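Please read the structure below before turning to the comments.
The values are calculated or read from the model by the stated rules, or taken from the named source; none is laboratory data. If you're wondering where the values come from, they're calculated on a predicted model, not measured in any experiment. We place every Cβ from the backbone using ideal geometry, glycine too, and count neighbours over all the protein chains shown.
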Amino acid sequence: MADQLVKTKQSGRAPSKAYQPQQIEQKWQKRWEETGLYRRVEDPSRPKHYALTMLPYTSGDLHIGHWYAMAPSDAKARYMRMHGYNTFFPVGFDAFGLPAENAAIQHNIHPHQWTMDNVEHMRGQLRAMGAMWDWEHEAITCLPGYYKWTQWFFLKFYEEGLAYRQEAAVDFCPHCNTTLAREQVWGEDRHCERCGTPVIKRELEQWFFRITDYADELLEDLDTIDWPERVKIMQRNWIGRSPGARVTFTSEQGDPIEVFTTRPDTLWGATFMVLAPEHPLVAKLTADECRAEVEAYVAQSIRQTEIDRLSLEKEKTGVFTGAYAVNPVNQERIPIWIADYVLMTYGTGAIMAVPAHDERDFAFALKFGLPIIPVIERPDGVAKSVVYPGSVPEKLAELLRAEGIEFQAKAVGELGDGLFVTLRGDAQIDRYVALLRDNLQPGYWSEIVGARWLFVFEDGIEALSSVEQDRAILARCIALNPLVIANRTVMEMLHGVPFYRDVLYHAEYGDMIHSDAFTGRPGDTAKDDVIRWLEEQGSGQAEVNYRLHDWLISRQRMWGAPIPMVYCDRCGVVPVPYEDLPILLPDDAEFLPTGESPLRHHEGFLNTTCPACDGPATRETDTMDTFMCSSWYHYAYISPYHEGDVPFDPEAGRYWLPVDQYTGGIEHATMHLLYTRFFTKAMRDLGLVDFDEPMLRLFCQGMILGEDNEKMSKSRGNVVNPDEYVSTLGADSVRAFLMFIGPWELGGSWSSTGIEGIHRFINRVWSVVVESQGASSEGDASDADMAALRRITHQTIRDVTRDYEAFKFNTAQASLMKFNNYLMKVQNTPVVTTEAWTEAIRSLTLMIAPIMPHVAEELWERAGGAYSVHDQRWPEWDEELAADEVITLVVQINGKVRARIDVPADIDEQEAREHALAHENVQRFLEGLQIRKLVYVPGRLVNIVAN
RNA sequence: GCCGAAGUGGCGGAAUGGUAUACGCGGUGGUCUCAAAAACCAUUGGAGAUUUGCUCCGUGUGGGUUCAACUCCCACCUUCGGCACCA
């Protein structure tokens, strides 16, 4: 304590007894900066830890959502640092993007100025958080030293064939005046991710990255990284790998029509084809008599994709082209239709329709009266049949019952009762068919549908096995019962019976039927067998399709990294030489109220000379998607604005890369988190890095909501301003409260009373530590009291350590509160003078340090610790010291708690039984009962089973 | 429609087969004070009783497995997120 007094005198002013967050937070932030506490050090002898939180956009104001994302991330980085890891925790800014341009238009300020003003303001706000950021490795994506490398990546990708330019129907936001990547189009109404305006389709020449080249690797390597399962699932779904086959059909005129199918085993059930309205063969195939109708449909569907996708009518539409194709497996002649449910952007833009085994084709076929022929057996073996009144003698019901066949007698219209039969399995179906054959009255038929497709007539049985059979069966049915004449197909007739509807169509794998030589082929090999046979026949081959599209990176915006390409009338598209990078954005751009990119009209930017022929040429005026910048920022942090041949210092990169722990919002699951993985794989193939994945571990936090449990928004008026709370309760309270709300991954609601509770907790920690300094007491502490204190100290270290490991800051703090409550209870007893107390205070201070770095540093100093608490080793627990001496033995009778007995922790089973049975309340309940069994869970409970 | 997460006191939440409601907020009573605030102490799921260390009910709903279920299995309901004619 003498040290304390000396220190106090030296500082010239007595340190406050009260906790004054504003004072100590400023004091320590200054000291940390002056001493370079968080500056990165290169020390290859120590294990490194690269901790990273998603970089903020330069919106100009740090809101509580940023705190919620960053403070826990900082706490974990600090925890790792205290475990001896050489920890790198950088920060920077995502600084390109549309808001800067909007500000330019509205306030007549250059985007650069607007952005850098915001950066300056946000830096101050970020510093107030007291995070351990290494500001010397800050990177801002809109500075030339940064975007020079973003452009460099574009050129490298172009060289590698990963960047290409193509005219395509792309998503365009009319409000932002730019194209968007598919991932940036959200929701059912397909609106712009940024501004919410519904997007339209535009035919434009745009630059794309071949992310699909890496589709399989992006999929497979998910298994190698420690990421949340929900993110992996989203990426898997987004990539959407579909293995199948490409099969060539031929039009009657001889044009090959390629289709992609995941179900080549259903080829024999293809009863028609459908082309997308934009399919290039449509005009050629269309028969003259159908041309007017086809052209009208094509025009209408193009208009629909452009204007209102909102009215997503589920009802299928389409028209017949008048043309026919030949099915390569059975030479069947099948009609060719066009319909907008077939998308030009997936597969080949044409499909074979197998209505019996595809829900969409089924609906289409039913609507347009196209034949539906089942070719895959139902795996569940269920078949149905309706026996019409009068078609069989009454005794049939008896016979069915005798066979154990399930049926219900129900009225059919006004005809009387019919039998609604459900059959399970081949044996039942066979017996049922035999019964029908024996009992069917003249002039009737009966059908079995589902597992089999049989029509029992007086003179024989017909199967629905081909289009010819479909016509023949329908004709016979109409002859017997003219009421069914309105049906165009057998399936349409069957669909008229509601009882049948759930067995008419299925999309499962199963044994092949009605498929020539393949009939009977089992479902588990059918698909592969057919693909092999197609390959032998030369009519198809295995193919994999992906839902993932190539990444559209062109943006018709000014505030982004210019695409380093030049257009020359003589040489065409020419890349800018590396030595000319960066292609700078002009600082005198004129912003038009239309929002159109000023680069298009900026003579100085636009006009250049061709790098190949030196002739006049024009620059590409589109800039790159800002996700380009954020795909490699964690490499930029290694050595910001690097000067050299490559984007970052390879030497430093070898030590620090890859990122060990990444944290951020889940909203980037299929955008940033997929793009950055693609970048890393492409960089590896360029020889820039020698690993496959950029971030080894990922944690996604939830969203912070307003006090009313709603998403924070200005219009709701529930926005929480962190600066206000920082100035009153202090940054430590804001940090700690955000980490106390609940599990980080689930998010939670702000609470103005909740943060006061946390503030009280910090005050209590403060008073326990400060007031016990130099405390004295009368008498000595007992061994038992010291042991008890050490026990809770070590138990707390154990629990808190485990919680930090799992990002469970809420329960870590709960344990710390419990611990502190205990310390408050015993601080006026003699233990306060013991080593055990010193250990307890020291451990407490160390354990709060990651969450409340300022107050921990202050208390550490006041307790005589050497600067800095953040350089100390994390406390370790001793299992023996943490072990309980006394446990509460729970005694249950038939699973209900009847007694709780305090017993020594090392009690053996025999003693536990005796204690349990001897208890008064237990005996009361056992009266008159016979003990059947006794379950003993060591150290926990005894359950007596009695009756 | 498909995929995923969640549902526990008045509120945020804890407990991943073994004492349901840790910790915090809010409430109630008290100490201190002329008074109030702050702080501290006690108490706080519901119902009941013969009110010692008592009983019953209770983790979205309905079943099941188990000596024992918030926890595992089956079916369903609600909320939130993602995808949505992807052949």
*Quick check, is residue A:838 within 30 Å of residue A:25 (Cβ to Cβ), surrounded by 14 or more Cβ atoms within 10 Å (Cβ to Cβ) and at pLDDT 90 or above?*
yes
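Conditions (1) in contact (Cβ under 8 Å) with a residue 24 or more places away in the chain; (2) assigned to a strand (DSSP E or B); (3) within 12 Å of RNA strand B (Cβ to nearest atom); (4) within 21 Å of residue A:508 (Cα to Cα), marked per residue:
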site: A:331; (1), (2), (3), (4): no, no, no, no
site: A:335; (1), (2), (3), (4): yes, yes, no, no
site: A:343; (1), (2), (3), (4): yes, no, yes, no
site: A:352; (1), (2), (3), (4): yes, yes, yes, yes
site: A:355; (1), (2), (3), (4): yes, no, yes, yes
site: A:365; (1), (2), (3), (4): yes, no, no, yes
site: A:393; (1), (2), (3), (4): yes, no, no, no
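Give me the residue from region A:748-770 that is under 34 Å from the mean Cα position of the chain (by Cα) and within 9 Å of RNA strand B (Cβ to nearest atom) and, out of that set, farthest from residue A:700 (Cα to Cα). First the steps, then the outcome.
Initial filter on region A:748-770 (under 34 Å from the mean Cα position of the chain (by Cα)): A:748-755, A:758.
Of the ones still in play, those that are also within 9 Å of RNA strand B (Cβ to nearest atom) are A:748-749, A:751-755, A:758.
Working: A:748: 14, A:749: 17, A:751: 22, A:752: 25, A:753: 27, A:754: 23, A:755: 23, A:758: 24 Å.
Looking at residues that are under 34 Å from the mean Cα position of the chain (by Cα) and within 9 Å of RNA strand B (Cβ to nearest atom), I get A:753.
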*Are any of the residues in region A:422-430 farther than 18 Å from residue A:380 by Cα and without any contact (Cβ under 8 Å) to a residue 60 or more places away in the chain?*
no
_Just to be sure I understand the filter: pairs with C-beta atoms under 8 Å, separated by 6 or more residues or on different chains, first member in region A:562-575 and acidic (Asp, Glu), second member in a strand (DSSP E or B). Which pairs pass?_
A:569/A:616; A:569/A:617
*Scan region A:181-231 residue by residue and report those that are at pLDDT below 85, under 22 Å from residue A:546 (Cα atoms) and of a type in the set (S, T, N, Q).*
A:184
*In region A:341-364, residue modelled with the lowest pLDDT [restricted to those that are under 30 Å from residue A:430 (Cα atoms) and out of contact with any Lys or Arg (no Cβ under 8 Å at 6 or more places or on another chain)]*: A:359
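Can you report the number of residues in region A:248-271 which are within 14 Å of RNA strand B (Cβ to nearest atom) and in contact with a Phe, Trp or Tyr (Cβ under 6 Å, 6 or more places away or on another chain)?
Step one: filter region A:248-271 for residues within 14 Å of RNA strand B (Cβ to nearest atom), giving A:249, A:257-267, A:269-271.
Then keep just the ones that are in contact with a Phe, Trp or Tyr (Cβ under 6 Å, 6 or more places away or on another chain); that gives A:257.
Adding up the residues that qualify gives 1.
Within region A:476-487, does at least one residue satisfy the condition of being buried (at least 17 other Cβ atoms within 10 Å of the Cβ) and assigned by TED's automatic domain parsing to the domain that holds residue A:405? Spell out how you get there, then give the answer.
Taking region A:476-487 first, the residues buried (at least 17 other Cβ atoms within 10 Å of the Cβ) are A:477, A:487.
Retained after the next criterion (residues that are assigned by TED's automatic domain parsing to the domain that holds residue A:405): A:477, A:487.
Looking through region A:476-487, at least one residue is buried (at least 17 other Cβ atoms within 10 Å of the Cβ) and assigned by TED's automatic domain parsing to the domain that holds residue A:405.
Does residue A:553 meet the test of being touching a helix residue (DSSP H, G or I) at 6+ places or on another chain (Cβ under 7 Å) and surrounded by 15 or more Cβ atoms within 10 Å (Cβ to Cβ)?
Numbers: touching a helix residue (DSSP H, G or I) at 6+ places or on another chain (Cβ under 7 Å): yes; surrounded by 15 or more Cβ atoms within 10 Å (Cβ to Cβ): yes.
For residue A:553, the condition - touching a helix residue (DSSP H, G or I) at 6+ places or on another chain (Cβ under 7 Å) and surrounded by 15 or more Cβ atoms within 10 Å (Cβ to Cβ) - is met.
For the condition closer than 23 Å to residue A:113 by Cα, modelled with pLDDT of 95 or more and buried (at least 21 other Cβ atoms within 10 Å of the Cβ), what is the one hit in A:633, A:662, A:675?
Working: A:662 fails: closer than 23 Å to residue A:113 by Cα; A:675 fails: closer than 23 Å to residue A:113 by Cα.
Just a single option satisfies the conditions, and that option is A:633.
Evaluate the following for residue A:214: is it part of a strand (DSSP E or B), closer than 18 Å to residue A:628 by Cα and not aliphatic (A, V, I, L, M)?
On the way: part of a strand (DSSP E or B): no; closer than 18 Å to residue A:628 by Cα: yes; not aliphatic (A, V, I, L, M): yes.
So residue A:214 fails the test.
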*Going by the structure shown, is residue A:473 in contact with a Gly (Cβ under 8 Å, 6 or more places away or on another chain), at pLDDT 95 or above, more than 30 Å from residue A:592 (Cα to Cα) and outside any loop (DSSP other than H, G, I, E, B)?*
no
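Every residue, every condition in (1) within 26 Å of residue A:641 (Cα to Cα); (2) of a type outside the set (A, V, I, L, M, F, W, C), yes or no:
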site: A:560; (1), (2): yes, yes
site: A:566; (1), (2): yes, no
site: A:569; (1), (2): no, yes
site: A:580; (1), (2): yes, yes
site: A:592; (1), (2): no, no
*Which of the following residues is more than 27 Å from residue A:280 (Cα to Cα) and of a type in the set (S, T, N, Q): A:179, A:212, A:224?*
A:224
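Could you pull out every one of the helices (runs of 4 or more DSSP H) wholly within region A:839-947 that has 1 or more residues that are more than 30 Å from residue A:755 (Cα to Cα) and of a type in the set (A, V, I, L, M, F, W, C)?
On the way: elements: A:853-862, A:879-882, A:909-918, A:920-926.
Helices (runs of 4 or more DSSP H) meeting the threshold: A:879-882, A:909-918, A:920-926.
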*asked:* I'm checking my understanding of the structure. Among residues of region A:771-801 that are modelled with pLDDT of 95 or more and either part of a loop (DSSP other than H, G, I, E, B) or closer than 20 Å to residue A:74 by Cβ (or both), which one is farthest from RNA strand B (Cβ to nearest atom)?
replied: A:801
*Residue satisfying all of: in region A:712-747; more than 14 Å from RNA strand B (Cβ to nearest atom), in contact (Cβ under 8 Å) with a residue 24 or more places away in the chain and of a type in the set (D, E, K, R); surrounded by the fewest Cβ atoms within 10 Å (Cβ to Cβ) among these*: A:723
